[in-house]
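Read through the structure below, which is laid out as structure tokens, and then see the notes.
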Amino acid sequence: MALSWKLVIDSTNAPALADFWAAALEYEVEDPSALIEQLLASSHIGEEAVTEHRGRKTFRGYAAIRHPEDPFDQISGVGHGRRLLFQDVPEGRSGKNRLHIDVHSEPGGLDKLVARLEGLGATRVREVDKGPAGHWWIMQDPEGNEFCVA
């Protein structure tokens, strides 16, 4: 049986990075506020574990996004399919990514997608044109994580 998984991305501002990637991929930011209310009411967590982002309670230092068509738990908001989790870490990014996301455009839509991602806060790093083997942009998200747009 295949295992389920999620991609975890270290960050300095998990909610803001989740907002960027949700907009970039057209995913949904998970809403754990109902679960947080239950955990607070039962004293399983304290107020120090919680913060607010865009008017909703969220776990301090964490945020996640999920594909809008995938199933999710109605109580926790946690997706059961394609999912990215962002977690704050004390150290900054150093060196080249060893893993990255490739975002694919519609046929003929590369320039439009690159411009949309720049409008969300991404930065172009370098264009790569291998002719018939492929054409893409290496970009960085707002925290400097590299990804490709093809």
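The values are calculated or read from the model by the stated rules, or taken from the named source; none is laboratory data. What you see is a predicted model, and the numbers here were worked out from it, not measured in a lab. Here the Cβ is made from the backbone with ideal geometry for all residues, glycine too, and neighbour counts use every protein chain on show. For the accessible areas, the whole protein counts, side chains as well, though only heavy atoms, and no ligand, DNA or RNA atoms are used. Shrake-Rupley method; radii C 1.70, N 1.55, O 1.52, S 1.80 Å.
Could you calculate the FRET efficiency of Ser33 with His67 from 1/(1 + (r/R0)^6), where r is the beta carbon distance between them and R0 is 30 Å, rounded to 0.05? Please report the intermediate quantities before stating the final value.
Numbers: r = 20 Å, r/R0 = 0.67.
Given R0 = 30 Å and the Cβ-Cβ separation, E is 0.90.
Once Rh is set to the Kirkwood radius over Cα pairs, what Stokes-Einstein translational diffusion coefficient, in µm²/s, holds for the stretch 66-150 at a temperature of 25 °C and a viscosity of 0.890 mPa s? Present the calculation step by step, with values, prior to reporting the outcome.
Working: Rh = 15.0 Å.
Stokes-Einstein gives a translational diffusion coefficient of 164 µm²/s.
Normalising by the residue count of the chain, find the relative contact order in percent from Cα pairs under 8 Å and 6+ residues apart. It would help to have the intermediate numbers written out before the result.
On the way: 257 pairs, mean separation 36.7, N = 150.
RCO, the chain: 24 percent.
So if we plug the beta-carbon distance of Lys130 and Ile75 into 1/(1 + (r/R0)^6) with R0 = 41 Å, what FRET efficiency do we get, rounded to 0.05? Each step should come with its number before you reach the end.
Numbers: r = 47 Å, r/R0 = 1.15.
Computed FRET efficiency for Lys130 and Ile75: 0.30.
Please list, in order along the stretch 98-106, the HN-Hα scalar couplings obtained from phi with the Karplus expression 6.51 cos²θ - 1.76 cosθ + 1.60 (θ = phi - 60°), rounded to whole Hz, x for Gly and Pro.
9, 8, 8, 9, 9, 9, 9, 8, 5
Summing Lys, Arg as +1 and Asp, Glu as -1, what charge do residues with Cβ under 15 Å from the Cβ of Thr58 carry, Thr58 excluded? Intermediate values should be presented prior to the final figure.
Values: positive: Arg54, Arg56, Lys57, Arg60, Arg66; negative: Asp19, Glu28, Glu30, Asp31, Glu37, Glu47, Glu48, Glu52, Asp88.
After counting each charged neighbour, the total is -4.
Quick one: what are the phi-derived ³J(HN,Hα) couplings along the stretch 71-84, Karplus 6.51/-1.76/1.60 with θ = phi - 60°, whole Hz, x for glycine and proline?
For the stretch 71-84, the Karplus curve yields x, 8, 6, 5, 7, 8, x, 6, x, 10, x, 5, 8, 10 Hz.
Once you sort the root eigenvalues of the Cα gyration tensor of the chain as a ≥ b ≥ c, which label holds: rounded (a/c under 1.5), prolate (a/b larger than b/c) or oblate (the other case)? Numbers along the way, then the final one.
Working: a/c = 2.31, a/b = 1.87, b/c = 1.23.
Prolate, since a/c reaches 1.5 and a/b exceeds b/c.
Using a 1.4 Å probe over the heavy atoms of the protein chains, calculate the carbon and sulfur portion of the accessible area of the chain as a whole percent.
Numbers: 4840 of 9290 Å².
Answer for the chain: carbon and sulfur cover 52 percent of the accessible area.
What's the FRET efficiency of Gln87 with Ala115 using the Cβ-Cβ distance as r and R₀ = 25 Å, to the nearest 0.05? Present the calculation step by step, with values, prior to reporting the outcome.
Working: r = 30 Å, r/R0 = 1.19.
After rounding to 0.05, the efficiency reads 0.25.
At 1.306 mPa s and 10 °C, plugging the Kirkwood radius over alpha-carbon pairs of the stretch 52-98 into Stokes-Einstein gives what diffusion coefficient in µm²/s?
Answer, rounded: 124 µm²/s.
Cα atoms only: what Rg and Dmax, in Å, come out for the stretch 21-60?
Radius of gyration, then largest Cα-Cα span, for the stretch 21-60: 11.8, 36 Å.
Per residue, how much accessible area does the chain show when a 1.4 Å probe rolls over the protein heavy atoms, in square angstrom? Write out the running numbers ahead of the final one.
Numbers: 9290 Å² over 150 residues.
Roughly 62 Å² per residue, with all protein chains present.
What does the accessible area of Val29 come to, in Å² to the nearest 10, when a probe of 1.4 Å is used?
40 Å²
Calculate, in nm to one decimal, what Asn97 and Leu3 gain on full extension: separation in residues at 0.36 nm each, minus their alpha carbon distance. Spell out each step's value before the answer.
Details: separation 94, 0.36 × 94 = 33.84 nm, distance 2.42 nm.
Residue separation times 0.36 nm, minus the Cα-Cα distance, leaves 31.4 nm.
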